[in-house]
Amino acid sequence: MLVVDDDEVIRQLIAVNLTLEGFEVATAVDGQDCLDKVAAIGPDVITLDVMMPRLDGWETAVQLRKSPETSHIKVVLITARAQEDDRSRGANVGADAYLTKPFDPGEMIRVVRELAGSPPAVLG
């Protein structure tokens, strides 16, 4: 699992929630950092902020899809941009899911579990 967001608070929020759910989580501060780390980490799922410096989420998703080594990785775009054209752009760059900020951590976990092929946690 790789969490990519330039906002440290959001990055940590996502990472902590996923760690508590049993995911092994690494983080990256922007798209370039993600591309630099992805081969070493080998994540099943990447949560990817759209608005970031250096390399934004759109271009990062395109780069991940273009490379045979990373094209299988599930990508969840997380963004404050909720307009319909942004959602369709997400589909066009190959995102597997699209969450808008502020997002419900429970919904984010459900989406990541589904994409990772993990069964939901059994509570009780």
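The values are calculated or read from the model by the stated rules, or taken from the named source; none is laboratory data. Bear in mind that the values here come from a model prediction, so they are computed numbers and not experimental data. A quick note on method: Cβ atoms are made from the backbone with ideal geometry, for glycine too, and the neighbour counts reach across all protein chains shown.
Residue check, M52 against (1) surrounded by 19 or more Cβ atoms within 10 Å (Cβ to Cβ); (2) modelled with pLDDT of 95 or more, all met but one. Which one?
With respect to (1) surrounded by 19 or more Cβ atoms within 10 Å (Cβ to Cβ); (2) modelled with pLDDT of 95 or more, M52 is out only on (2).
Checking T47 against (1) within 17 Å of V9 (Cα to Cα); (2) over 11 Å from the mean Cα position of the chain (by Cα), only one condition comes out false. Which one?
Checking T47 against (1) within 17 Å of V9 (Cα to Cα); (2) over 11 Å from the mean Cα position of the chain (by Cα), the one that fails is (2).
Mind listing whichever residues of region 1-44 are of a type in the set (V, I, T), more than 13 Å from the chain's Cα centre (by Cα) and under 20 Å from S67 (Cβ atoms)?
Across region 1-44, the qualifying residue is only I41.
Within region 73-95, track down each residue that is assigned to a loop (DSSP other than H, G, I, E, B) and at pLDDT 95 or above.
I73
Could you check region 9-58 and list, in sequence order, the residues that are in a loop (DSSP other than H, G, I, E, B) and either of a type in the set (F, W, Y) or free of Cβ contacts under 8 Å to residues at least 24 places away in the same chain (or both)?
Residues satisfying the conditions are F23, E24, G42.
If K74 passes every condition in (1) buried (at least 17 other Cβ atoms within 10 Å of the Cβ); (2) closer than 20 Å to D7 by Cβ but one, which one does it miss?
(2)
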